[in-house]
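For reference, the structure discussed in these notes is given below.
The values are calculated or read from the model by the stated rules, or taken from the named source; none is laboratory data. Predicted model only: the values in this text are computed from it and were never measured. For neighbour counting, all protein chains shown are included, and Cβ atoms are generated from backbone atoms with ideal geometry for every residue, glycine included. Just so you know, the surface numbers come from the protein's heavy atoms only, side chains and all, with ligands and any DNA or RNA stripped out. Shrake-Rupley method; radii C 1.70, N 1.55, O 1.52, S 1.80 Å.
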Protein chains: 2
Amino acid sequence: MIQFRLCNPTEIVFGAGQISTLSQLVSPGTRVLLLYGGGSIKRNGIYDKAMAALRDCEVTEFAGIEVNPVYETIMEAAAVVRMKGIELILGVVGGSVVDAAKFLATVAPLNVGDAWDYILARGEVSTVLPVGAVLTLPATGSESNPVSVISHRGRRLKLPFAEQRARPRFAILDPDTMTSLDIRQLQNGVVDAFTHVVEQYLTLPVNAPVQYGFSDVLMRTLIEWGPRLVDRNDAEARETVMWAANQALNGLIGAGVPQDWSTHMIGHAITAIYDIDHARTLSMVMP
Amino acid sequence: MIQFRLCNPTEIVFGAGQISTLSQLVSPGTRVLLLYGGGSIKRNGIYDKAMAALRDCEVTEFAGIEVNPVYETIMEAAAVVRMKGIELILGVVGGSVVDAAKFLATVAPLNVGDAWDYILARGEVSTVLPVGAVLTLPATGSESNPVSVISHRGRRLKLPFAEQRARPRFAILDPDTMTSLDIRQLQNGVVDAFTHVVEQYLTLPVNAPVQYGFSDVLMRTLIEWGPRLVDRNDAEARETVMWAANQALNGLIGAGVPQDWSTHMIGHAITAIYDIDHARTLSMVMP
């Protein structure tokens with residue numbers, strides 16, 4: 001085993017109906033930025049549930065985060081964060097929005113000309129805003145890890161950024177919310193999670209029976225239960241895949257073992273140039 | 001799956017030689033209580049390594065924590081903590097000492113007549129001191145969970161106490177330190193860890209393929225690798241068992257599934273009355 005440090009302070013709140021716990025997780029009066037994507041949360045009821053739970057907070061909304069979150073959009077959100085004095089960024093549903101929330105939490109407090117270049121050059125980041133996550137799509141593990149993958153439209157780049165302090169304080173994983181997803185999103189999620197395991201598993205061998213054993217369990221679970229998501233009434237499949245996807249990329253199975261991630265790096269470049277779904281690029285590239 | 005919350009903020013620092021990272025984990029000038037047991041750490045070199053890493057801190061020592069940590073001893077330590085204005089309690093080596101450190105961190109700031117009765121009656125605990133752990137014996141998982149099992153000599157009781165805020169801030173797991181343990185301690189550790197898995201596994205079935213799969217991995221690992229600890233030169237066995245024992249009781253495999261713990265409760269009572277090693281009571285009681 002390789003020496004490692006492992007710490008995962010994100011509070012996972014798991015189970016059907018848990019979205020209502022937002023009212024306990026966020027203190028009354030907090031200035032919250034509700035960050036979301038194309039507005040599907042207004043059709044599937046998640047928006048209404050979140051707003052009900054946050055009724056004692058000052059909520060500002062920012063919609064329009066892309067499926068592959070775009071730097072230029074996040075910088076617009078950063079202006080809103082600064083103007084409104086936002087205290088908590090709540091990314092609602094999907095790894096893309098959570099990625100955007102974490103990057104936003106890192107760049108919004110910065111007072112620099114070009115945040116992209118500044119972060120890439122490892123400029124000092126003294127303050128990171130707290131992030132919370134509400135998840136529908138089990139895939140990226142973004143809800144309890146420090147990584148954001150962000151696309152720069154102007155430069156046609158898609159790069160990963162890691163900031164430990166941006167790891168969500170809490171992540172609500174409510175499997176019932178997965179009923180709002182279409183089949184393609186579910187397929188993509190399962191493939192993405194499976195690839196995360198492979199990136200930490202099919203590498204140079206070391207002595208790590210626990211980590212490899214856990215990886216075996218996650219791959220077997222995704223293979224067996226992933227296809228069952230097609231049955232939209234299978235609540236057991238939803239909770240099983242959601243938990244497996246979280247465990248696939250929260251640091252646990254990668255602790256103490258060599259990791260690869262070349263499939264992801266190639267996939268990110270393909271998405272940046274051809275705008276193909278992330279998971280589909282992975283399934284093309286993965287050996 | 002049952003609804004659950006899971007949060008494990010302990011920073012695990014794993015690997016041979018990691019004890020030297022104490023100097024990074026504890027700020028210079030911190031008033032540290034070094035809590036330990038019968039003094040084996042002075043013979044095996046761990047004391048010297050810890051003191052070297054803490055040379056810029058104000059270290060107070062408290063020795064004599066029992067194998068089954070005793071309430072009356074911990075209350076003596078609490079007086080030292082208050083007198084010296086201790087800021088961090090560092091439990092050095094073994095789940096017993098870490099249990100004592102967590103309980104001490106909870107009771108030392110209390111200003112009540114009988115802390116045992118006060119805690120059992122769920123009296124308010126406003127302050128808990130930070131705890132750190134250096135581990136040699138992989139067994140209890142105490143290094144990254146909130147539970148302390150404490151014996152009251154006067155009342156012949158042995159009871160578990162849980163305090164989330166007492167969970168160690170960091171835990172150094174250095175498999176090389178296991179070379180200081182005798183065969184009986186190693187045997188006990190493997191049996192204890194195995195029983196922890198069983199207490200979270202042989203219960204009422206729910207839909208939890210990931211948790212049950214992880215439990216399978218841990219039991220198989222302990223069965224295969226535990227006996228190899230008899231070969232004192234098997235570094236791979238040490239790191240494998242140490243990591244498996246940690247994972248067996250850090251909240252992960254018990255998240256979302258029913259738990260039992262009746263074997264432990266009966267075992268604790270046997271130890272309280274007959275002073276038999278904890279793990280040996282478990283192996284007698286476990287179905």
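Please find, in a Gaussian network model of chain A (springs between Cα atoms separated by less than 10 Å), the residue of A:T140, A:T179, A:T106 whose mean-square fluctuation is greatest.
Result for chain A, Cα springs under 10 Å: A:T179 fluctuates most.
Run through the other copies and list how far each one's label point is from that of A:R165, in nm with one decimal, shortest first; the point sits 7 Å from Cα along Cα-Cβ.
2.3
With the contact rule set at Cα under 8 Å and sequence spacing of 6 or more, what percent relative contact order holds for chain B? Display every interim value, and only then the final one.
Working: 541 pairs, mean separation 59.7, N = 287.
Averaging sequence separation for qualifying contacts and normalising by length gives 21 percent for chain B.
Are there any GluC sites (Glu not before Pro) in region B:49-80 that are in a DSSP loop and have at most 11 other Cβ atoms within 10 Å? List them by number. Don't skip to the end; give the middle numbers.
Working: sites: B:E58, B:E61, B:E66, B:E72, B:E76; in loops: B:E66.
Taking region B:49-80 and a limit of 11 other Cβ atoms within 10 Å, no loop GluC sites (Glu not before Pro) are found.
What is the Rg over Rh value, at two decimals, for the protein assembly as shown, using alpha-carbon atoms and the Kirkwood definition of Rh?
Numbers: Rg = 24.3 Å, Rh = 24.9 Å.
We get a ratio of 0.98 for the protein assembly as shown.
For peptide A:4-17, how many partner chain Cβ atoms fall within 10 Å of a residue's Cβ, on average?
On the way: counts 7, 9, 10, 10, 8, 5, 4, 5, 8, 5, 8, 6, 2, 1.
Partner Cβ neighbours, averaged per residue: 6.
What Kirkwood hydrodynamic radius, in Å, does region B:132-176 give when the mean of 1/r is taken over all pairs of distinct Cα atoms and then inverted? Don't skip to the answer; put the middle values down first.
Numbers: mean 1/r = 0.0851 Å⁻¹.
Radius from the Kirkwood sum: 11.8 Å.
In whole angstrom, note down how far apart the Cα centers of region B:108-145 and region A:46-124 are.
A separation of 38 Å, based on Cα centres.
Give the residue list of GluC sites (Glu not before Pro) in region A:78-185 that are DSSP loop and have at most 12 other beta-carbon atoms within 10 angstrom.
Working: sites: A:E87, A:E124, A:E143, A:E163; in loops: A:E87, A:E124, A:E163.
Counting only loop positions with at most 12 other Cβ atoms within 10 Å, the GluC sites (Glu not before Pro) in region A:78-185 are A:E124.
Rounded to whole Å, how close does chain B get to the rotation axis onto A by Cβ? Give me the residue too, please?
Closest to the axis: B:P9, 2.
Please give the Cα centre distance for region A:250-276 versus region A:206-243, rounded to the nearest Å.
Region A:250-276 and region A:206-243 have Cα centres spaced 19 Å from each other.
In debye to the nearest 20, how big a dipole does the protein assembly as shown give about its Cα centre with +1 on each Lys and Arg Cβ and -1 on each Asp and Glu Cβ? Spell out each step's value before the answer.
Values: 46 positive and 58 negative charges, 112 e Å.
Approximately 540 debye in magnitude.
With chain A treated as a Gaussian network of Cα nodes joined by springs under 10 Å, which of A:G113, A:G37, A:G254 yields the largest mean-square fluctuation?
A:G113
With all protein chains present, how much of the accessible area of chain A (probe radius 1.4 Å) comes from carbon and sulfur, to the nearest whole percent? Numbers along the way, then the final one.
Values: 6170 of 11480 Å².
Solvent-exposed carbon and sulfur of chain A make up 54 percent of the total.
Ordered shortest first, which distances in nm separate the 7 Å Cα→C-beta label point of B:E124 from those of the other copies?
4.0
Express the accessible area of region A:11-176 per residue in Å², computed with a 1.4 Å probe while the remaining protein chains stay in the model.
On the way: 6510 Å² over 166 residues.
Per residue, region A:11-176 has 39 Å² of solvent-accessible surface.
Would you tell me the mean number of C-beta atoms belonging to other protein chains that fall within 10 Å of each C-beta in B:229-239, as a whole number?
Mean number of neighbouring Cβ atoms from other chains: 1.
Across chain B, what fraction of all alpha-carbon pairs, as a whole percent, falls in each successive 5 Å bin from zero upward?
Calculated P(r), rounded to whole percents: 1, 6, 13, 17, 19, 18, 13, 9, 4, 1, 0.
What does DSSP give for the protein assembly as shown in terms of the percent of beta bridges that are antiparallel, rounded to the nearest 5? Please report the intermediate quantities before stating the final value.
Values: 19 of 63 bridges.
Beta bridges within the protein assembly as shown, antiparallel portion: roughly 30 percent.
What longest region of chain B stays clear of trypsin sites (Lys or Arg not before Pro) that DSSP places outside H, G, I, E and B and that have at most 14 other Cβ atoms within 10 Å?
Numbers: sites that count: B:R55, B:R122, B:R153, B:R155, B:R156, B:R232.
Counting at most 14 other Cβ atoms within 10 Å as exposed, the longest clean stretch of chain B is B:157-231.
Tell me: how much accessible area in total is hidden between B and A, 1.4 Å probe, Å², nearest 100? It would help to have the intermediate numbers written out before the result.
Values: alone 13130 and 13120 Å², together 22980 Å².
Buried area between the two chains comes out at roughly 3300 Å².
Using only DSSP helix segments of four residues or longer, with each worth -39500 (n - 2.57), what per-residue ellipticity at 222 nm results for chain A after dividing by its residue count and rounding to 500?
Counting only the DSSP helices, I get -12500 deg cm²/dmol.
Would you mind working out the magnitude of the charge dipole of region B:11-176 relative to its Cα centre, with +1 at each Lys and Arg C-beta and -1 at each Asp and Glu C-beta, to the nearest 20 Debye? Don't skip to the end; give the middle numbers.
On the way: 16 positive and 17 negative charges, 41 e Å.
The calculated dipole for region B:11-176 is roughly 200 debye.
Quick one: which of A:K102/B:K49; A:K49/A:K158; A:K84/A:K158; B:K102/B:K158; B:K84/B:K158 span more than 27 angstrom between C-alpha atoms? Walk me through the intermediate numbers first.
On the way: A:K102/B:K49 39 Å; A:K49/A:K158 33 Å; A:K84/A:K158 29 Å; B:K102/B:K158 15 Å; B:K84/B:K158 29 Å.
In this structure, A:K102/B:K49; A:K49/A:K158; A:K84/A:K158; B:K84/B:K158 exceed 27 Å between Cα atoms.
Among B:I119, B:I65, B:I150, which one moves the most in a GNM of chain B with springs linking Cα atoms closer than 10 Å?
Its mean-square fluctuation being the largest, the pick is B:I119.
What percent antiparallel are the DSSP beta bridges of chain B, to the nearest 5? Each step should come with its number before you reach the end.
Values: 6 of 28 bridges.
Expressed as a percentage, antiparallel bridges in chain B total about 20.
Just to confirm the numbers: A:G45, label point 7 angstrom along the Cα-Cβ line, distances to the other copies in nm, shortest first?
6.3
Find the accessible area per residue for region A:205-249; the probe is 1.4 Å, ligands and nucleic acids are left out, and the unit is Å². Before the final figure, lay out the partial values.
Numbers: 1610 Å² over 45 residues.
Accessible area per residue: 36 Å².
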